[in-house]
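Shown next, in structure tokens, is the structure this report addresses.
The values are calculated or read from the model by the stated rules, or taken from the named source; none is laboratory data. The structure displayed is predicted, hence computed values, not measured ones. Neighbour counts are summed over all protein chains in view; Cβ atoms, including those assigned to glycine, are modelled from backbone coordinates with ideal geometry.
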Amino acid sequence: MEKVGHSVEVFLERSGLKSQLKKREYLFVWEKVAGEHVAQYTRPVKIKEETLFVEVNDSIWVYHLNMLQEKIIDEFNEHVGSKMISKIKFINEDFYARELSEKRQESANLTEKNHFSHNGHINLAPKEEEEIERALQLSPEYFRNQLRIIFKKSFLRDKWKKEKGAISCRVCNDPFFKKYPDDEFCPYCLQKIVSWMKILKNVFYNSPWIKYNAVKEKHPFLDERIFSVCKKTVMEGHEKRILKTLGNNRIDKTIQIKILKKAAHRYVLLAAEKEPPEIEEGDIVNILGCFPGLNQLINS
Ligand SMILES: [Zn+2]
């Protein structure tokens with residue numbers, strides 16, 4: 001079920017609905033940051049070059065919100081997981097009327113997408129058709145016909161990409177074309193990883209033992225796969241430092257041990273996912289066992 005749910009999400013992101021979905025994400029963040037009460041009087045419209053445009057249908061609120069601007073920006077960025085905005089422009093406007101016409105436009109756009117055709121030689125296998133139907137069961141009924149078309153289109157495009165030599169992204173499984181031989185993530189995920197890395201580096205620095213669920217409480221948009229990739233990168237950094245220091249014969253031994261102790265300590269906390277008082281002797285031996293000679297050296 002988990003996998004199917006994920007593919008719905010991926011399909012939406014890859015299809016023409018991506019921007020609408022993004023907009024909904026922002027709406028969600030705005031409500032959390034502004035609070036239910038303020039959210040009633042406000043609508044986030046767009047983000048352009050680090051400026052969030054928010055419509056406010058009551059001029060008194062424009063004044064109050066401007067006073068609170070800095071605090072809101074900090075909280076907004078924290079929720080999104082990157083420094084997405086540095087300014088908020090509050091615009092006094094009655095947005096209810098506009099929302100109504102937007103809704104009409106949205107349904108018109110979706111109907112338009114009914115007319116789609118694909119390159120003749122690629123077709124869906126029965127198993128793929130089934131997968132699409134399963135994914136559709138999770139979406140609201142009135143939406144399914146439109147979604148089916150988008151899903152099929154997206155499936156066919158993925159198949160075509162794979163035929164042309166695309167590989168699957170390690171985070172979202174979406175096929176993409178490598179730019180460099182080491183590429184493992186699609187550009188979309190890579191961008192996400194880079195911005196989450198900035199936040200998670202600090203999180204791991206302050207509490208290396210922290211588990212995904214604890215981080216997610218504070219950062220509801222953090223994907224578990226992104227978390228794993230970032231954690232792995234942080235751990236690999238320590239691994240490299242340990243190996244490099246272990247192999248360095250020219251360094252003063254006291255300094256060498258000091259560096260190794262510090263790096264090993266962090267590495268154990270990250271790998272064991274336990275806070276310092278809970279770490280047992282056995283954890284240390286097991287985890288550091290992959291670095292030959294390390295245990296003897298730091299205990300000497
Ligand atoms: Zn990806």
Inset, instruction - Test each condition in (1) assigned to a helix (DSSP H, G or I); (2) in contact with a Leu (Cβ under 9 Å, 6 or more places away or on another chain); (3) touching a residue at least 40 places away in the same chain (Cβ under 8 Å) for VAL171 and report the one that comes out false. - result: (1)
Inset, instruction - Can you confirm whether segment 113-123 contains a residue that is in a helix (DSSP H, G or I) and surrounded by 15 or more Cβ atoms within 10 Å (Cβ to Cβ)? - result: no
Legend entry - Filter result (among the aromatic types (Phe, Trp, Tyr), within 9 Å of the ligand (Cβ to nearest atom) and at pLDDT below 85) within segment 171-197: TYR188
Legend entry - Only listed residue being of a type outside the set (A, V, I, L, M), outside the structural domain of VAL268 (by TED's automatic domain parsing), away from the ligand (no atom under 14 Å from the Cβ) and surrounded by 15 or more Cβ atoms within 10 Å (Cβ to Cβ), chosen from LYS152, LYS164: LYS152
Legend entry - helices (runs of 4 or more DSSP H) contained entirely in segment 212-272, each with at least 2 residues that are touching a residue at least 60 places away in the same chain (Cβ under 8 Å): 253-272
Legend entry - Any pair with Cβ under 9 angstrom, 6 or more apart, that starts in segment 132-153 at a residue that is on the phi < 0 side of the Ramachandran plot and ends at one that is at pLDDT 80 or above and assigned to a loop (DSSP other than H, G, I, E, B): ILE132/LEU124; ARG144/GLN137; LYS152/LEU124
Inset, instruction - Within segment 187-205, identify whether any single residue is part of a helix (DSSP H, G or I), touching a helix residue (DSSP H, G or I) at 6+ places or on another chain (Cβ under 8 Å), polar (S, T, N, Q) and touching a residue at least 24 places away in the same chain (Cβ under 8 Å), and answer yes or no. - result: no
